[in-house]
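What follows is a short report on a single structure.
The values are calculated or read from the model by the stated rules, or taken from the named source; none is laboratory data. Being a predicted model, the structure only gives us computed values, none of them experimental. Cβ coordinates were reconstructed from backbone atoms using ideal geometry, including for glycine residues, and neighbour counts include every protein chain displayed. Side chains are part of the model used for accessible areas, which takes the heavy atoms of the whole protein and leaves out ligands, DNA and RNA. Shrake-Rupley method; radii C 1.70, N 1.55, O 1.52, S 1.80 Å.
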Amino acid sequence: MIILALDALDFNMVGKYKCQNLMQTECGQTNLSEFELERTVVLWASFLTGKNMESRIPIKTQWEFKLKPDETFFTYFRTYQAIDVPAFSLKEGNHAEERRLLKSYFDENATVEEYDAVIWRNHEENKKDFFASLGCFDIVMGYFDLADAIGHLSFGIPEKIEKVYTELERIAYEVRSSTEDFILIISDHGMKPVGKYGDHSRNGFYSANRELRLNIPSITDFYEILRGVAKNESS
Ligand SMILES: [Zn+2]
């Protein structure tokens, strides 16, 4: 089982750039209407636990929030690898640096180029970890924040966003070419333009390389699907 967790991958943008490998066999929008805000940590924690975690995660300390393995669907798999997953195995140093540079940009102490360079560097690191893990665990979940992190400062700049979607489409192509395993691609929320910047939107996305016959599922619905996959694999 492979989960490609793509932060802020937007349902409309995947269609706009015709990313066939991201779309896979079945794709659609997720339903986030039960959430008051589209918060990254809350949405990934809710995906991992199958429960709406909004009230349990304070805004102020959200990046420190961490689930135990037995609170997540990972507990159903014999072996798992979770690369940089928010609320679980986040690479705290990398994300702290990204947030520091974002703040510095608005304080006029860092340029967007300096910020982007760190985002792309961290992205390459996760890509290396992710592809090295494929085939070595019953479930691998690889998290990539590229669309979110670049999007926040540049969602209104089409050539930069096209580069991001081209890169994520290439990752999906590489994963799909390398395995017959069940592949779920999922985002926490979408993105909308605010001038040249971007902000979270409700256009969350999911896709699978097999028919699940879902109809605008909630992000919490995948927990049971993954539990079923684990059960099938162990029997
Ligand atoms: Zn996010």
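Mind checking which residues of segment 37-53 are within 15 Å of the ligand (Cβ to nearest atom) and either crowded, with 17+ Cβ neighbours inside 10 Å or not hydrophobic (A, V, I, L, M, F, W, C) (or both)?
Answer for segment 37-53, where residues must be within 15 Å of the ligand (Cβ to nearest atom) and either crowded, with 17+ Cβ neighbours inside 10 Å or not hydrophobic (A, V, I, L, M, F, W, C) (or both): Glu38, Arg39, Thr40, Val41, Val42, Leu43, Trp44, Ala45, Ser46, Phe47, Leu48, Met53.
When only residues in segment 175-193 that are open to solvent by 80 Å² or more (accessible area, probe 1.4 Å) and out of contact with any strand residue (DSSP E or B) (no Cβ under 7 Å at 6 or more places or on another chain) count, which is farthest from the ligand (Cβ to nearest atom)?
Out of the qualifying residues, it is Glu180.
Restricting to segment 98-112, name every residue that is within 21 Å of Pro86 (Cβ to Cβ) and either without any contact (Cβ under 8 Å) to a residue 12 or more places away in the chain or in contact with a Pro (Cβ under 6 Å, 6 or more places away or on another chain) (or both).
Residues satisfying the conditions are Arg100, Lys103.
Here is a list of conditions, (1) under 21 Å from Val175 (Cα atoms); (2) among the hydrophobic types (A, V, I, L, M, F, W, C); (3) more than 16 Å from the ligand (Cβ to nearest atom), and Ala110 meets all of them except one; can you say which number that is?
Among (1) under 21 Å from Val175 (Cα atoms); (2) among the hydrophobic types (A, V, I, L, M, F, W, C); (3) more than 16 Å from the ligand (Cβ to nearest atom), Ala110 violates only (1).
Keeping to segment 120-159, report how many residues are open to solvent by 10 Å² or more (accessible area, probe 1.4 Å), under 22 Å from Gly198 (Cα atoms) and in a helix (DSSP H, G or I).
The qualifying residues number 6.
Could you tell me which residue of segment 13-30 is nearest to Asp188 (Cα to Cα), considering only residues that are within 16 Å of the ligand (Cβ to nearest atom) and either touching a Lys or Arg at 6+ places or on another chain (Cβ under 6 Å) or not in a loop (DSSP other than H, G, I, E, B) (or both)?
For segment 13-30, the residue satisfying everything is Gln29.
Among the numbered criteria (1) assigned to a helix (DSSP H, G or I); (2) under 28 Å from Leu153 (Cβ atoms), which one does Asp70 miss?
Condition (2) is where Asp70 drops out.
If you go through segment 54-77, how many residues are in contact with a helix residue (DSSP H, G or I) (Cβ under 7 Å, 6 or more places away or on another chain), open to solvent by 30 Å² or more (accessible area, probe 1.4 Å) and more than 16 Å from the ligand (Cβ to nearest atom)?
Here the count works out to 4.
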